[in-house]
Amino acid sequence: MDTTSRLLMLLEVVEQGSFTKAADHRNIDRSVISKQINRLEDELGVRLLNRTTRSFSLTAAGAEMLRKAKELRDLLGETVRLAENYHKEARGLLKITAPNVIAKHYLIHVINDFQKRFPQVEIELQLSDSYIDLVAEGMDLAFRIGEPKDSSLIARKIARNRSVIVASPEFIDTYGMPNSIEELVKLPASIFASFAVKHDTIRYIDEQGNHNEQKIKSVFSVNDPDVLLKKTLSGATFLFIPAFIITNEINDGLLVPLLPDLKLKNLNDIYAIYPHRDLPVRTRLFFDAVRDYLGKDVPIWESNIPGFEHLYQGGAVKK
C-alpha cells in the first residue's frame with residue numbers, strides 16, 4: 001500500500017468516526033487499518049492521531065493531512081470521471097441510494113430496463129430513508145425528498161410531490177364519509193413515523209386563504225409506507241400520504257380519496273442529487289432514464305390516480 005492509499009484510509013477513519021467502522025466498511029480487520037495508519041505516520045514523520053483505547057483525535061498535522069487527503073480524493077475522482085467520459089458506451093459500477101418505497105415502486109423498473117440496454121453497467125442500490133454522505137460512501141446518485149442541506153451537492157428536481165387522504169370502503173362504511181377536516185381528524189389514522197420524522201399533521205389552506213394544520217388522531221405508526229397501506233386497506237384507519245406511495249389501489253376501488261375539495265399543501269419535491277456536475281456517461285444516462293420513466297411534467301403515480309389533477313385543488317401551494 002502506498003502513501004496515497006494510506007492517506008485515503010486516514011480520511012475514511014475520520015469520516016467513519018472509528019477504526020472499527022472503517023474496517024467494517026472495507027471488510028478488513030481493524031488491525032490492518034491501525035497498522036497502515038502507523039506506517040503513514042512513520043513515512044511522514046509526524047503524529048496524525050492522538051489515540052486512546054476508545055477514541056481518537058486529530059493532531060494539528062493530522063488535520064492538515066486530512067485536508068490534503070480530501071483534495072486528493074476529489075482529484076482522483078475527477079480523473080476517473082474524465083477517463084470514463086471517453087467511453088462511447090455506459091460501463092462500470094453505478095452506486096445509487098434511494099428511499100425504500102421509491103426504489104421498490106419505481107427505480108427497480110428503470111434499473112431492469114437500463115441493464116438490458118447497457119449490460120456492462122453494474123448497479124449497486126442502497127435502500128435508505130436517511131441522508132448519507134454521498135462522497136464518503138462513494139455514491140454516484142441519490143434520490144431524496146427535499147433539497148439537500150449540503151450546498152456542495154448538485155440537486156435537480158425530478159418530480160413534484162403531492163399528497164392524498166385515503167381510506168377503504170370498509171372504513172367509510174364503519175365511520176361514515178367525513179365532510180370536513182374537523183370531522184376527519186377525529187377518526188383513527190395511521191401515520192408514517194421514524195426516529196427523524198413524524199407525519200402526524202395535515203397542512204392545508206382554508207376558504208379564506210389562511211394556512212392551517214390539524215393534528216391527526218394516530219392509532220398506528222410505522223416507518224414503512226407499504227405497511228401503512230396494508231393497515232389502511234384493512235379498514236381500520238384512514239391515511240394521509242404522498243401520492244407516490246399509491247399504485248393501483250384507488251383505480252381498483254380498494255381505496256377512496258377523502259375530502260377531495262380540501263386544498264392541501266404540496267410536500268417537498270423529489271430530487272436527484274449527485275456530488276459533481278461532470279457526470280460519468282453511465283450516471284447521466286441513468287438519470288435521464290429515471291426522469292423519462294417518472295414523467296417530466298406529470299409524475300407517473302399521479303397518472304395512476306383517476307382525476308388526480310382535480311383532487312385537492314391541484315396541490316397548488318408548496319409546504
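Only the coordinates and a few stated rules stand behind these numbers; no lab work does. Predicted model only: the values in this text are computed from it and were never measured. Please note: Cβ atoms are built from the backbone with ideal geometry, for glycine as well, and neighbour counts cover all protein chains shown.
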Legend entry - Estimated FRET transfer efficiency (His109, Asn268; beta-carbon r; R0 22 Å; 0.05): 0.40
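Under 14 Å from the Cβ of Asp29, count the other residues' Cβ atoms, weight Lys and Arg +1, Asp and Glu -1, and hand me the total.
+3
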Inset, instruction - Provide the gained length on full extension for the span Ser130 to Leu8, in nm with one decimal, where the gain is 0.36 nm per separating residue minus the Cα-Cα distance. - result: 41.4 nm
Legend entry - Relative contact order of the chain, pairs being alpha-carbon contacts under 8 Å that are 6 or more residues apart, as %: 20
Legend entry - Along each principal axis, Cα extent of the stretch 163-266, largest first, Å: 36, 34, 23
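Convex hull over the Cα atoms of the chain, averaged projected area in nm²? It would help to have the intermediate numbers written out before the result.
Values: hull surface 80.4 nm².
Averaged projected hull area, Cα only: 20.1 nm².
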Legend entry - Residue-span extension gain [Ile172 to Asp206] - 0.36 nm each, minus C-alpha spacing: 9.9 nm
Legend entry - Degrees, to the nearest 10: 108-117 long Cα axis against longest axis of the chain: 60
Inset, instruction - Quickly estimate the mean residue ellipticity at 222 nm for the chain, helices only: each DSSP H run with n ≥ 4 gives -39500 (n - 2.57), and the total goes over all residues, rounded to 500. - result: -10500 deg cm²/dmol
Inset, instruction - Sticking with the crude label model, points 7 Å out along Cα→Cβ, report the distance from Asn304 to Ser180 in nm, one decimal please. - result: 3.5
Legend entry - Global size of the stretch 15-137 as Cα Rg and Dmax, reported in angstrom: 18.9, 54
Inset, instruction - Note down, for the stretch 3-84, the three equivalent ellipsoid semi-axes (square root of 5 times each alpha carbon gyration tensor eigenvalue), biggest first, whole angstrom. - result: 22, 16, 11
Inset, instruction - Work out how much length Leu58 to Ser194 would gain on full extension: take 0.36 nm times their residue separation and subtract the Cα-Cα distance, in nm to one decimal. - result: 45.6 nm
Legend entry - Dipole of the chain, positive direction: furthest Cα of Leu58, Ile250, Thr232, with charges on the beta-carbon: Leu58
